[in-house]
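Read through the structure below, which is laid out as structure tokens, and then see the notes.
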Amino acid sequence: MIDFEVRGELTDHLFSMLRGPRDPDPIRLAQRTREILIQENERLLKSGRDVDGSETAPLKESTIRRGRGGFGPPRLPRISASRLVTRFEVAVARQGDHGYVVRAGWPGLNFVGYLNDGTSHMEARRFVGITASCREQLEEAAHQYGADLLKAGR
């Protein structure tokens, strides 16, 4: 599970110095965060890399022989139709008067923890978290949101 808080009260001091809106609603930033997380989840899974950028551990021969319902990379046997793509959910919920919580995860997919953390029989294939690319996009979205607010306050 990945949680983010997008809070409008963080900009209260800024708006006390400007003639702009006193209570900016950060819903656009929360929605953009949601879009980035969905795109980056699929990109990371298809890349064959772990969340830290290292190469994903290869599948064991026994797993390949047993069959896994597809021919995609280790975590995506059916590529975009795989459950780690299709069941990834990102919800945006209001929190208090000034903010939103963006929650991402795979509800009902109990194997996510085993895949991510590994077991005594399976190497970890870490994909839960924020990649450097995702962090850059989230930071850019936050900067753009702030710039847009400053323009509106002039």
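Restricted to segment 114-124, and to residues there that are assigned to a helix (DSSP H, G or I) and over 15 Å from the mean Cα position of the chain (by Cα), the residue that is farthest from THR56 (Cα to Cα) is TYR114.
Would a scan of segment 125-139 turn up a residue that is within 30 Å of ARG28 (Cβ to Cβ) and assigned to a strand (DSSP E or B)? No, every residue in segment 125-139 fails to be within 30 Å of ARG28 (Cβ to Cβ) and assigned to a strand (DSSP E or B). Number of residues in segment 89-124 that are more than 30 Å from PRO26 (Cα to Cα) and either among the aliphatic types (A, V, I, L, M) or modelled with pLDDT under 85 (or both) equals 5.
Rundown of residues vs (1) basic (Lys, Arg); (2) in contact with a Phe, Trp or Tyr (Cβ under 9 Å, 6 or more places away or on another chain); (3) in contact (Cβ under 8 Å) with a residue 40 or more places away in the chain; (4) farther than 18 Å from LEU44 by Cα, yes/no style:
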{"position": "PRO107", "(1), (2), (3), (4)": "no, no, no, yes"}
{"position": "ASN116", "(1), (2), (3), (4)": "no, yes, no, no"}
{"position": "SER120", "(1), (2), (3), (4)": "no, no, no, yes"}
{"position": "PHE127", "(1), (2), (3), (4)": "no, no, yes, no"}
{"position": "THR131", "(1), (2), (3), (4)": "no, no, yes, no"}
{"position": "GLU136", "(1), (2), (3), (4)": "no, no, no, no"}
{"position": "TYR145", "(1), (2), (3), (4)": "no, no, yes, yes"}
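Of the residues making up segment 108-128, those that are surrounded by 13 or more Cβ atoms within 10 Å (Cβ to Cβ) and of a type in the set (Gly, Ala, Ser) are GLY118, ALA124.
Restricting LEU45, LEU14, LEU18, LEU29 to residues that are within 13 Å of ALA93 (Cα to Cα) and either modelled with pLDDT of 55 or more or not polar (S, T, N, Q) (or both) narrows the list to LEU29.
The values are calculated or read from the model by the stated rules, or taken from the named source; none is laboratory data. Quick caveat, the model's predicted, so the values are computed rather than measured. Ideal geometry is used to build each Cβ from the backbone, glycine not excepted, and the neighbour counts take in all protein chains shown.
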